[in-house]
Structure formats: C-alpha cells, structure tokens
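All remarks here apply to the structure that follows.
The values are calculated or read from the model by the stated rules, or taken from the named source; none is laboratory data. Just so we're clear, the structure is a prediction, and the values are computed from it rather than from any experiment. We place every Cβ from the backbone using ideal geometry, glycine too, and count neighbours over all the protein chains shown.
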Amino acid sequence: MNVRNVALAALFTLAVAPHGRAGGKAGEIGMVTFHLETEEAVATKKNSFSQMDDGKQRFFLRTPEITMKDMVAFSPFPSGTGDAYGLVFQLRDSAKRRLNVLSLTCQGKYLLAQANGRFVDGVLIDKPVDDGMIVIWKGITTEEVKLFDKTLPRIGAKDKKKKKAK
C-alpha cells in the first residue's frame, strides 16, 4: 500500500472513530454514549461536533460524559412516536455521582444521546438527577433493544451477570 493510501485510511479512521464506531462495527453490539453541550466559544473541531436543534446550531463534546461502561442495567419502553422505543439506563454508583454533579453544574445545557453510531435524542438538563437513571426518550429500534439485551440485563432482572455480545 502506498503512502497516500495509508494516509487516506488513517484520515478515514480518525473521522469515523469519534462518532462511536471504534472498537467494532456499528450495530454489532448495543452501544450508547451521552455527550454534553459546550459553548461555541470553546468548541473546536478536535474536541466537539455540532448538531442542529430547532434551527439552532449546538456544539457537543466528542468525549462522552456517560458510556456503556457506566451502565449496569436497562429497560425499554414504547416512545409514543410510532414503532420506536426509549430506554432507561441504571448507572453504577460512580457514574450516578458524576451524573448528579453534572446535572447540578450544567443546568440549561443539553445532553445528546448517541446509539450505535447515530444521534437519537437529546435532553435539556433542567434539574438535579440523583436517582442514577438516565433516559433516551425516543429513536431506539426493536433491533437495537435486542442488541442491548445481549449487552446488559434488564432493570430488576434476577440474572444480573450477562455476557457481553461478541
């Protein structure tokens, strides 16, 4: 492979990796990340990305605040938007404390949810969250619920130790 092709492959990898596809093919395993809104003045191409919301451009940090390693269980629910679902995630204790601090210090900002490499929902942080639960209100498909079933136990399920999907 010549140097130009190697450089192009590296650029492609860098462009795709920040969007949640590193470590496996998209859709291969249930993957969720939550990204905090940042100020436009501090946003750079390296540390943030932009999304449109009701005609307004918002900027979000590339590094997620909450990831799958922070989650211990989940529960799907009908979203009320056709055939899509929402998901509630129960967080481990360390992530529960981080979410509480985040919700106290970042009120008025948005938290954007990404599932399997695509942005599905955003929530406005409007009050403290101290129950250790984080929600995606819409945009999850039936197939994605099945992927999460392979990755995490359901909230309240007796079998708390599930193997990760391969």
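A few comments on the model shown:
Results for (1) within 28 Å of E39 (Cβ to Cβ); (2) in a strand (DSSP E or B), shown as yes or no for each residue.
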{"position": "F74", "(1), (2)": "no, yes"}
{"position": "F77", "(1), (2)": "no, yes"}
{"position": "D83", "(1), (2)": "no, no"}
{"position": "V88", "(1), (2)": "no, yes"}
{"position": "Q107", "(1), (2)": "yes, no"}
{"position": "V123", "(1), (2)": "yes, yes"}
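- V129 falls short on exactly one of the conditions (1) within 15 Å of the chain's Cα centre (by Cα); (2) surrounded by 15 or more Cβ atoms within 10 Å (Cβ to Cβ); (3) part of a loop (DSSP other than H, G, I, E, B), and that condition is (1).
- Extreme residue, farthest from Y85 (Cα to Cα), among residues of region 137-154 that are part of a strand (DSSP E or B) and of a type in the set (A, V, I, L, M, F, W, C): W137
- Residues satisfying the stated conditions in region 88-110, i.e. closer than 25 Å to D149 by Cβ and either surrounded by fewer than 17 Cβ atoms within 10 Å (Cβ to Cβ) or at pLDDT below 95 (or both): V88, R92, D93, S94
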